[in-house]
Amino acid sequence: MELLVASGIGACMAAGIYLILRLRTFAVVLGMTMITYAINTFLFATGRLVVNLPPILHDGDAAAYTDPLPQALVLTAIVISFGMTAVVVMMSLGAFIEGGDDHINMPPDDREMPPLKTIDDRPEEERA
Amino acid sequence: MSPALIALLPFIGALLPGLLVRSGRSVAAMACGTVTLVALLGLLLHIPAVMRGEVITARIEWLPMIQLNANFRIDGLSLLFGTLILGIGLLIITYARFYLSRTDPVGKFYTYLMLFQGAMMGIVLSDNILLLLVFWELTSLSSFLLIGYWRHLPEGRQGARMALTVTGMGGMAMIAGMMILGQIAGSYDISDILRSKETIQASEWYLPALILILLGAFTKSAQFPFHFWLPHAMAAPTPVSAYLHSATMVKAGLFLMARLWPVLGGTPEWFWIVATTGLVTMLIGAVIALFKDDLKAVLAFSTVSHLGLITMLLGFGTREAAIAAVFHIINHATFKAALFMTAGIVDHEAGTRSIQRLGGLRKLMPVTFAIVTVAALSMAGIPPLNGFLSKEMMLYEASHLETARLFFMTVATVAALFSVGYSLRFVFHVFTGPERDDYPHQPHDPGFGMWAGPALLTVLVVLIGLFPNTMAGWLVDASASAVTGESEHAHLALWHGLNAALIMSLIAIAGGIILLRRHEPALKSWESAPRPEAKVIFDTIVRASVLAGRWITDKFNNGSMPRALSFFTLTSLFAGALAWYTGDAGPATRPMLPVGPIPFIGWLLAMFATGSMVFFHRVRLLALVLIAIVGLITSIFFTYFSAPDLALTQISVEVVTVILLLLALNFLPKRTLIETTTPRRGWDACIATLAGLGFGGLCYAILRRDFAFDSISGYMLENSYKLGGGDNVVNVILVDFRGYDTFGEITVLGIAALAIFALTQTLLQGKSSARLKNWVHDQRRAGDRHPMMLVIVTRVILPISLVVGLFIFLRGHNQPGGGFIAGLVVAIALLMQYMASGYAWAQDRQNIPFHALIGAGVVAAGVTGIGAWFNGKPFLTSAYGYVKLPFLEEFELATAMGFDLGVFLCVVGAVMLALNSLSRIARQAGETVNEKPMDIDLSEEQKGAH
């Protein structure tokens, strides 16, 4: 079972990494969603795999429970990753509407640095 | 008054100008002056105790874990510096009231000034070196604001930047030095450090600590080769120069050297580094000052020179030299502050500070002339003024050195000679000589308000010179005792008999007069001589660093996202592989679980969906469907492995995410074109496979091993019911044990939603707004926009899903559920309404603003947390009890429920706000608002049938 889980998580990660290396925003969003699945399940799995022992207490029952801590961490992680996916989607949508295409790379024009301002305290006329 | 309060008062005062400036600058000045006066009186009240040799302390625990405590002390040294800072501060506040013009933003000026004053007081009163560092950095920042106060002047801005760069870098070095010092001494309290001289000087880390701390002190006190920032800082308004650069900031370095003198001083390293630096600085400053044309530049370099003098005295390491250093600090502050203020008066009244354009002001400005003459003669070291006394003591100490005596004597005499030269030049080239008719303004003496301050200081110059023991002896004794740690009694006198020091003094005076007479040819040869310009070197270094920084950034990030991400992936892989092959993971101890047929089918489905998703990712709609399958399998995975809460969350988030992506896809291209070459895709696939293998392998390795350390989960399982009152441990962790984390997370979620809202807001304006207005949809529209089936079914479902939401919310504490899941369920129920009848139609039927919902959620969670304070418990401690209502089973009420309510509101608000944003974009793109809930109007048809 452990092998299946690990291979599934690895496959999700591989798919996610491949997709975030694409050139269009939508593929990158999909890739990030896949990576999210991989990471969340991985974090959950650090509590080790346990079947049929949910972390719900029963009065007087001393039976073993599964590790609740990774579950609590992953629960908020799922919700936060939804928030982040929403932000990224809106950013890609905004970029597409504003710029007219959904390329992920920075256009060469945007990479131009402003000229290095001379740090010079002589008055203007002397500098010229 | 408590030392802590004295340090705090100026910061309180910094708030007043902003509140009062509308009432006029006099009111603002008076408010600041009053606060300063109160602090000064509070300080002076401690004089009797300090004179008895007591140290007044105040200790407030701030961050005891890292030994950063707000500990303050008042001893002789703090008293001396505190008196200078507050006393001269009071004069400067008065002076600035008359100096600044109506157009200057006076409130800002006084705020900065008070901030600076507070930071300086903090430095001199600190009894903890970490606290001292905090104030040290504050002086750098507030002086940056003050030097650049005239923001319209490029000189001001550049001078401010340079001062911040130099003193800030020194400050960083000093942080490292102080850390080392504290580590050696085993305590960061100055009182403790002062007691561990032997340990510190015996440590092999003594020299690094010394050099790093001295870097901080030297940059702050403008010692060679860091002296160049001080003259450029003169672009500041004159009150600032007079305050920062005569009495306070530049003396912070001296203060530090004096403060740590007992533990760092007395070694050969200390002597050679500190005394030599001081000597060189004294000479260079004096020589350059003689040839400067700007009055303030003359004073700036003269300050550099005098700071060098004091540094050198501290470097000598003898108790007598320490007394002389302390005495010169007092004297220099009096005459230099007076001179700076008079330079400002000349500038203000005659309209220029250029010595070449001045001269002959004696009759026109008699009061100023008198003040300048006395102060400048004191600076030159002419008896019977106070400057003479301390300069004599300096020469005496130089002539009694045990090492390198002749060298120090000669250079000190030459420096004194130049010092006489520039001091006399200040008087003679500005005030004597023929009157001119080309002053930019017609000069005259200023009003009393402006000359009162310098005049008072000049009176002190004379009185300390004539009656040194009465006027300053006690202060010198107290502060020198604090420096050396022993009881000191200074013998201050005008006449010490005919000794080497007197002869050196006479040589200096005679030489200085000759030098002034030969000033013109000397100036010519000075100007023709080649010399390194510190400013040019500084600018070159800054320029080179900026270019290097740009180059590196550009090489690392060339605008290609895949490149950056593949670097990142490969680096992570490399780090992981390194850790795996160098570390020891231990043997695989956990047995594998058996695989049933159903989990195997689930695995097959997930693998198949993942593979097809990658294969078909260019067909975007199909990719969305496939990714949703992976999401569903994930929820089933959580169910199977005993995580019901996660399964519920995952499935509801899945629904919301897919809806959001679908709505966004409406505006995006529906297909991705192939733009990469096959080798490139192969390379990417390689990286991806490696990452997948690495990650999966790591996962497998973890799953097959037991915990290396005991997990903290045991505690949570044990105490979930006892402390949190809930059976669902996951929920109790979220709302109780780790409530603070959750509080942060809902805040982040809220911020994300607001960011989406803000992004939409900008999209609805400008270029993109026009694009949206002319939007051409590339998809065929559905004929039935609001299908009757959907409308009816969602209406029926709404109350049911709301009840389900409530049920999940209420049971959350004991059974799977809780605020997060309930919020998502309710949000989906609402989403369905919006989808069925259109956003605007549904929005008109409810009037809860979603921003407010997010805000209310964060507030509800916060207020619940604060509620614990009233029970004397820490933030977010929960309480619970059981309630019995008629007709219902006994149920539990926990304060955690209030917190969970906050989570719930925040989730609903965030999801709905994201949707709202997409809908607003759609409206801009021409989506119409329907008046009816659905396209087929049932009531109309009914009517027609009759």
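The values are calculated or read from the model by the stated rules, or taken from the named source; none is laboratory data. Please read these numbers as outputs of a predicted model, since none were measured by experiment. We place every Cβ from the backbone using ideal geometry, glycine too, and count neighbours over all the protein chains shown. Ligands, DNA and RNA are stripped out before the accessible areas are found, and what is left, the full protein with its side chains, is counted by its heavy atoms. Shrake-Rupley method; radii C 1.70, N 1.55, O 1.52, S 1.80 Å.
Numbers for the structure displayed
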{"quantity": "Residue-level accessible surface for B:LYS767, protein heavy atoms, 1.4 Å, Å²", "calculated": "120 Å²"}
{"quantity": "Positive dipole terminus of the protein assembly as shown, leading residue within A:ILE56, B:MET179, B:ALA119 (C-beta point charges)", "calculated": "B:ALA119"}
{"quantity": "Percentage relative contact order, the range B:282-525, counting C-alpha pairs under 8 Å, at least six apart", "calculated": "28 percent"}
{"quantity": "Solvent exposure ordering (accessible area, 1.4 Å, most first) of B:SER768, B:SER560", "calculated": "B:SER560, B:SER768"}
{"quantity": "Value of Rg to Rh for the range B:282-525 (Rh from inverse mean 1/r over Cα pairs, i.e. Kirkwood)", "calculated": "0.99"}
{"quantity": "Degrees, to the nearest 10: B:739-763 long Cα axis against longest axis of chain B", "calculated": "90 degrees"}
{"quantity": "For B:ARG618, net neighbour charge (Lys/Arg +1, Asp/Glu -1) across residues whose Cβ lies under 11 Å away", "calculated": "+4"}
{"quantity": "Accessible area per residue, Å², the protein assembly as shown with all protein chains present, probe 1.4 Å", "calculated": "43 Å²"}
{"quantity": "Segment B:LEU693-B:GLN356, length gained on full extension (0.36 nm per residue, minus Cα span)", "calculated": "113.5 nm"}
{"quantity": "Among B:45-55, B:137-147, B:26-36, the order from most to least packed when residues are scored by Cβ within 10 Å on average", "calculated": "B:137-147, B:26-36, B:45-55"}
{"quantity": "Lys, Arg +1 and Asp, Glu -1 on Cβ, resulting dipole of the range B:726-862 about Cα centre, debye, nearest 20", "calculated": "680 debye"}
{"quantity": "Built amide H within the under 5 Å cut-off of B:GLY266, gap 5+", "calculated": "B:PHE271"}
{"quantity": "Two-site label geometry, B:LYS722 and A:HIS103: point separation in nm, points 7 Å out along Cα→Cβ", "calculated": "6.3 nm"}
{"quantity": "Total formal charge among the other residues, if their Cβ is under 13 angstrom from that of B:TYR839, Lys/Arg +1 and Asp/Glu -1", "calculated": "+2"}
{"quantity": "For B:ILE211, solvent-accessible area (1.4 Å; no DNA, RNA or ligand), Å²", "calculated": "80 Å²"}
{"quantity": "Table column - 3J(HN,Hα) (Hz), the range B:619-626, Karplus curve with 6.51, -1.76, 1.60, x for Gly and Pro", "calculated": "8, 5, 5, 5, 4, 5, 4, 5"}
{"quantity": "Length-normalised contact order for the range B:261-410 - Cα pairs under 8 Å, 6+ apart - percent", "calculated": "22 percent"}
{"quantity": "Three-way shape label, the range B:568-719, alpha-carbon gyration tensor, a/c 1.5", "calculated": "oblate"}
{"quantity": "Computed lengthening from B:ASN558 to B:ASN847, 0.36 nm per intervening residue step minus Cα-Cα distance", "calculated": "99.3 nm"}
{"quantity": "Positive minus negative residues near B:VAL653 (Lys, Arg vs Asp, Glu; Cβ under 15 Å)", "calculated": "-3"}
{"quantity": "Whole-Hz couplings from phi, Karplus 6.51/-1.76/1.60, listed for the range B:195-207; x for Gly and Pro", "calculated": "8, 10, 4, 4, 4, 5, 6, 7, 5, 6, 8, 4, 5"}
{"quantity": "Shielding by partners, peptide B:684-691 (average Cβ within 10 angstrom, other chains)", "calculated": "5"}
{"quantity": "Computed over chain B, the ratio Rg/Rh where both radii use C-alpha atoms and Rh is Kirkwood", "calculated": "1.11"}
{"quantity": "Fully extended contour minus Cα-Cα distance, from B:THR103 to B:ASP293, at 0.36 nm per residue", "calculated": "65.6 nm"}
{"quantity": "Cα-projected label distance for B:ASP778 with B:TYR715, points at 7 Å along beta-carbon direction, nm", "calculated": "5.5 nm"}
{"quantity": "Rounded FRET efficiency, nearest 0.05, which uses the C-beta distance separating B:SER23 from B:ALA202 and R0 of 45 Å", "calculated": "0.15"}
{"quantity": "Nearest-20 debye value, chain B charge dipole, Cβ charges on Lys, Arg, Asp, Glu", "calculated": "2320 debye"}
{"quantity": "Estimated 222 nm signal from helices in the protein assembly as shown, with DSSP H stretches of n ≥ 4 weighted -39500 (n - 2.57), rounded to 500", "calculated": "-23000 deg cm²/dmol"}
{"quantity": "Dipole magnitude of the protein assembly as shown, debye to nearest 20 (Cβ charges: Lys/Arg +1, Asp/Glu -1, about Cα centre)", "calculated": "2080 debye"}
{"quantity": "Positive-end residue, the range B:282-525 charge dipole about Cα centroid, Cβ charges, pick of B:LEU502, B:TYR422, B:SER378", "calculated": "B:TYR422"}
{"quantity": "Accessible surface of A:GLU112 - all protein chains present, 1.4 Å probe, nearest 10 Å²", "calculated": "150 Å²"}
{"quantity": "Candidate residues B:TRP551, B:TRP261, B:TRP474, B:TRP62: accessible-area rank, largest first, probe 1.4 Å", "calculated": "B:TRP551, B:TRP62, B:TRP474, B:TRP261"}
{"quantity": "10 Å Cβ neighbours from other chains, averaged over peptide B:664-670", "calculated": "5"}
{"quantity": "Neighbouring partner chain Cβ atoms per residue of B:902-908, average, 10 Å criterion", "calculated": "1"}
{"quantity": "Simple label model, 7 Å out from Cα along Cβ direction - B:ALA758 to B:LEU406, nm", "calculated": "7.1 nm"}
{"quantity": "Positive-pole candidate from B:GLY266, B:LEU313, B:VAL483, dipole of chain B, charges at beta carbon", "calculated": "B:LEU313"}
{"quantity": "Length-normalised contact order of chain B in % [C-alpha pairs under 8 Å, at least 6 apart]", "calculated": "8 percent"}
{"quantity": "Most to least accessible of A:SER81, B:SER423 (protein chains only, probe 1.4 Å)", "calculated": "A:SER81, B:SER423"}
{"quantity": "Mean-position separation - Cα centroids, the range B:775-789 and the range B:138-192, in angstrom", "calculated": "64 Å"}
